[in-house]
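**Q** Here it is: the structure, laid out below.
Quick note: the coordinates plus some simple rules give every number you see, no bench work behind them. Since this is a predicted model, take the numbers as computed values, not measurements. Here the Cβ positions follow ideal geometry from the backbone for every residue, glycine too, while neighbour counts run over all protein chains shown.
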Amino acid sequence: MTVRLEGVLGPLVTPFLADESLDVPSFVSNIRAHLSAGLSGVLVAGSTGEAALLDEDERRTLVAAARGVVPRDRILLAGTGAESTRQCVARCREAAAEGADAVLVVPPHYYSNAMSPKAVEAHFRRVADESPIPVLLYNIPKYMHYRIEPELVATLARHPNIVGMKDSSGDMANFPRYVESQSESFSVLTGHGGTFATALRHGARGGILAVALFAADLAVEVWNAHREGRSAGADAAQTPLVPMAAEIVARMGVPGVKAAMDRVGLRGGHVRLPLLPAPPEDLSKIDELVGEVVNRES
């Protein structure tokens, strides 16, 4: 199957009700809004979606709900990373059964000292061999406590069922080394909203960006301007994304992203313990940062 990985994708939040149960209607409403705003696709059960806090039934429910509203000309990704290779493969099969186009796989990291390049390669090879749908590598050192090395990416990029990667490190010194592995069958996407325009100039084919969940028009404008050769336009749209990505996404994390979505008229919903809601001082900062987005879209 061919998956066209490009443009701006949204790593969906998982809205919860006050009792921590899934708020599926809000989840679906958000997807419709994101797609209407011009996003090329969405990711279910990624880091921003509190994937580590979801059970298996919830993952299946969310992928199925997303497939019900994501048309086939947009991309539906599902996060399926797990600490055991066996469980990761099972999640890939379940995501495929619920209609996902491809899976995003963060490598195991609980036993991070044991995750040598050889171990990580063995993990991804088995996942890619057994997954019914294409696989994307997910590099996020802040949670993994290591990185997928560029040399390993180059090796894995040759696997016929590994079609791309998301790099959320924001390390622009290392990013071009990932892009060297890009080909007709392997695409490199950034997951770092603060350096989106720079990543595109280095050759990235798009981004899976949490900041796009509440500032879609700016993220899409960076993409469109870059694609049309309007460097100044890309830089102008990128400028307000930098503090939002740094403060709301990187520092505040999921509670901040959910609060920002509420601020712009979407449905962030409650977080699930052990995460706590954004404190008042963060809400004030969010108001300051996203006020321009609200005014621009009103």
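**Q** Please sort 151-160, 234-243 by packing, taking for each peptide the average over its residues of neighbouring beta carbons within 10 angstrom, highest first.
**A** Packing order, densest peptide first, comes out as 234-243, 151-160.
**Q** Using packing as a proxy for protection, rank 45-52, 260-267, 205-212 so that the peptide with the highest average count of other Cβ atoms within 10 Å comes first. Walk me through the numbers before you get to the answer.
**A** Numbers: 45-52: 23.4, 260-267: 19.9, 205-212: 28.4.
Sorting 45-52, 260-267, 205-212 by mean packing, highest first, produces 205-212, 45-52, 260-267.
**Q** So who's got an amide H within less than 5 Å of the one on G7, skipping anything under 5 residues away but keeping other chains? H placed 1.01 Å off N, in plane.
**A** G206, G207
**Q** How big is the charge dipole of the chain about its Cα centre, in debye rounded to the nearest 20, if each Lys and Arg gets +1 on its Cβ and each Asp and Glu gets -1 on its Cβ? List each step's numbers first, then the result.
**A** On the way: 29 positive and 35 negative charges, 126 e Å.
It works out to roughly 600 debye.
**Q** Can you spot the lysines whose alpha carbon is less than 19 Å from K258's alpha carbon? Ignore those fewer than 8 places along the same chain.
**A** By straight Cα distance, K258 reaches K285.
**Q** Based on alpha-carbon atoms only, what is the radius of gyration of region 7-239 relative to the globular estimate 2.2 N^0.38 Å? Don't skip to the answer; put the middle values down first.
**A** On the way: Rg = 16.8 Å, N = 233, 2.2 N^0.38 = 17.5 Å.
With N residues counted in region 7-239, Rg over 2.2 N^0.38 Å equals 0.96.
**Q** Order these peptides, 223-233, 188-198, by their mean beta-carbon neighbour count within 10 angstrom, highest first.
**A** Numbers: 223-233: 14.9, 188-198: 25.5.
Highest to lowest by the protection proxy: 188-198, 223-233.
**Q** If I take every Cα pair under 8 Å that is 6 or more residues apart in the chain, average their sequence separation and divide by the length, what percent do I get for the relative contact order?
**A** On the way: 575 pairs, mean separation 54.1, N = 298.
About 18 percent, as a whole number.
**Q** How large is ³J(HN,Hα), in whole Hz, for each residue of region 146-163 in order, when computed from phi with the Karplus curve 6.51 cos²θ - 1.76 cosθ + 1.60 and θ = phi - 60°, using x for Gly and Pro?
**A** Couplings: 7, 10, 7, 6, x, 5, 6, 4, 4, 5, 5, 4, 7, 6, x, 9, 10, 10 Hz.
**Q** Ok, one more. Among the DSSP beta bridges whose two residues both lie in the chain, what percent are antiparallel, rounded to the nearest 5?
**A** On the way: 3 of 29 bridges.
Just about 10 percent of them are antiparallel.
**Q** Still on this structure, please answer the following. Using only the alpha carbons of region 14-57, determine the length spanned along each of the three principal axes and report them from longest to shortest in whole angstroms.
**A** For region 14-57, the Cα spread along each principal axis is 31, 19, 16 Å.
**Q** Output the relative contact order of region 138-245, whole-number percent, from Cα pairs under 8 angstrom with separation of 6+ residues. Kindly include the intermediate steps, with their values, before the conclusion.
**A** Values: 168 pairs, mean separation 22.6, N = 108.
It comes to 21 percent, rounded to a whole number.
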